[in-house]
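Participant: This is the structure, below, for whatever I ask next.
The values are calculated or read from the model by the stated rules, or taken from the named source; none is laboratory data. Remember, it's a predicted structure, so these values are computed and weren't measured experimentally. Note that each Cβ is placed from the backbone with ideal geometry, even for glycine, and that neighbours are counted across all protein chains shown. We work out accessible area using only protein heavy atoms, side chains counted, and drop any ligands, DNA or RNA first. Shrake-Rupley method; radii C 1.70, N 1.55, O 1.52, S 1.80 Å.
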Amino acid sequence: IFLSLFIALSGPFLQIIQLFFSKYILNSLFQKNKDIFLFISLYVLFIFVFEIILSFIDSKFSVLNNTLPMKYKYLLYEKNMRTDYENVENAKNNNDFLIANNDTSSRNCAPVKIIRTSFMLLANIAGAFAYGAIISSLSFYLLGIIFICAFMSYIFNLLNQKFYDKNKDAISLLDRKLDYIQNTTEN
């Protein structure tokens, strides 16, 4: 959870830091400030160190992201092996198994997706408030347009998710047919 929170909040934080450093670098260039080399050096050093830390944490998080779906996949296959034979040959159970198998085969299995989505929501809210404060100092009209675009993006993502949820049974049926064809040709 700590890694998810750090990764989620580091994006908006890094972008805001880059905005302020860019402002100071440009001001120093236009004012022919002697400390421009110091500003640029600090900026490059900060970005370099921050990216190394973020890369290290992201690699640790990636390992954790892969272990959780593998644990669920293990439990899924163990349950499938221990069930009665009549359940293995049942079409509905096969569809349910393939839906669960597809979910655990990706890095977006439900528990990982819930954690990642929750923290990305937190990061997006924090970023929206930070950028909103910066943009509102420039123009309220621009802030309104940005919020309208964000709301439209949210609606389209919601429609996309509903489409997937509505059609996941048909997708699993097609996956089951493809698995049958693949297994038959391999045999």
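Participant: State which residue is modelled with the highest pLDDT when the search covers only segment 74-94 and only residues that are within 34 Å of the chain's Cα centre (by Cα) and over 22 Å from Leu174 (Cβ atoms).
Facilitator: Only one residue fits best here, namely Glu78.
Participant: Applying the selection to segment 150-174, what residues are basic (Lys, Arg) and free of Cβ contacts under 8 Å to residues at least 24 places away in the same chain?
Facilitator: If we filter segment 150-174 for residues that are basic (Lys, Arg), which is where we start, we get 162, 166, 168.
Within segment 150-174, Lys162, Lys166 qualify.
Participant: List the residue pairs whose Cβ atoms are under 6 Å apart, where the first residue sits in segment 96-124 and is over 14 Å from Asn66 (Cβ atoms) and acidic (Asp, Glu), the second is at pLDDT below 75 and crowded, with 18+ Cβ neighbours inside 10 Å, and the two are 6 or more positions apart or on different chains.
Facilitator: Pairs found: Asp103/Cys109.
Participant: Here is a follow-up. Consider Glu78 carefully, then state whether it is of a type outside the set (Gly, Ala, Ser) and open to solvent by 90 Å² or more (accessible area, probe 1.4 Å).
Facilitator: On the way: of a type outside the set (Gly, Ala, Ser): yes; open to solvent by 90 Å² or more (accessible area, probe 1.4 Å): no.
So Glu78 does not fit the description; no.
Participant: Given the criterion surrounded by fewer than 12 Cβ atoms within 10 Å (Cβ to Cβ), under 20 Å from the mean Cα position of the chain (by Cα), over 19 Å from Phe2 (Cα atoms) and not hydrophobic (A, V, I, L, M, F, W, C), identify the matching residue among Ser59, Ser153, Ser55, Ser139. Break it down into steps so the answer makes sense when it comes.
Facilitator: On the way: Ser59 fails: over 19 Å from Phe2 (Cα atoms); Ser55 fails: over 19 Å from Phe2 (Cα atoms); Ser139 fails: under 20 Å from the mean Cα position of the chain (by Cα).
That would be Ser153, the only listed residue that is surrounded by fewer than 12 Cβ atoms within 10 Å (Cβ to Cβ), under 20 Å from the mean Cα position of the chain (by Cα), over 19 Å from Phe2 (Cα atoms) and not hydrophobic (A, V, I, L, M, F, W, C).
Participant: Can you find, within segment 2-39, the residue that is least open to solvent (accessible area, probe 1.4 Å) among those that are in a loop (DSSP other than H, G, I, E, B) and not polar (S, T, N, Q)?
Facilitator: Taking segment 2-39 first, the residues in a loop (DSSP other than H, G, I, E, B) are 31-35.
Checking the rest, the ones that are also not polar (S, T, N, Q) come to 32, 34-35.
On the way: Lys32: 175, Lys34: 185, Asp35: 78 Å².
Restricting to residues being in a loop (DSSP other than H, G, I, E, B) and not polar (S, T, N, Q), the top hit is Asp35.
Per-residue answers, yes or no, for (1) more than 24 Å from Phe13 (Cβ to Cβ); (2) open to solvent by 80 Å² or more (accessible area, probe 1.4 Å); (3) in a helix (DSSP H, G or I):
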{"position": "Lys92", "(1), (2), (3)": "yes, yes, yes"}
{"position": "Asp96", "(1), (2), (3)": "yes, no, yes"}
{"position": "Asn124", "(1), (2), (3)": "no, yes, yes"}
{"position": "Gly127", "(1), (2), (3)": "no, no, yes"}
{"position": "Ile145", "(1), (2), (3)": "yes, yes, yes"}
{"position": "Asn157", "(1), (2), (3)": "no, yes, yes"}
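Participant: Mind checking which pairs have a first residue in segment 77-91 that is closer than 15 Å to Asn101 by Cβ and a second that is aromatic (Phe, Trp, Tyr) and open to solvent by less than 60 Å² (accessible area, probe 1.4 Å), Cβ under 8 Å, 6 or more apart or different chains?
Facilitator: The qualifying pairs are Asn80/Phe97.
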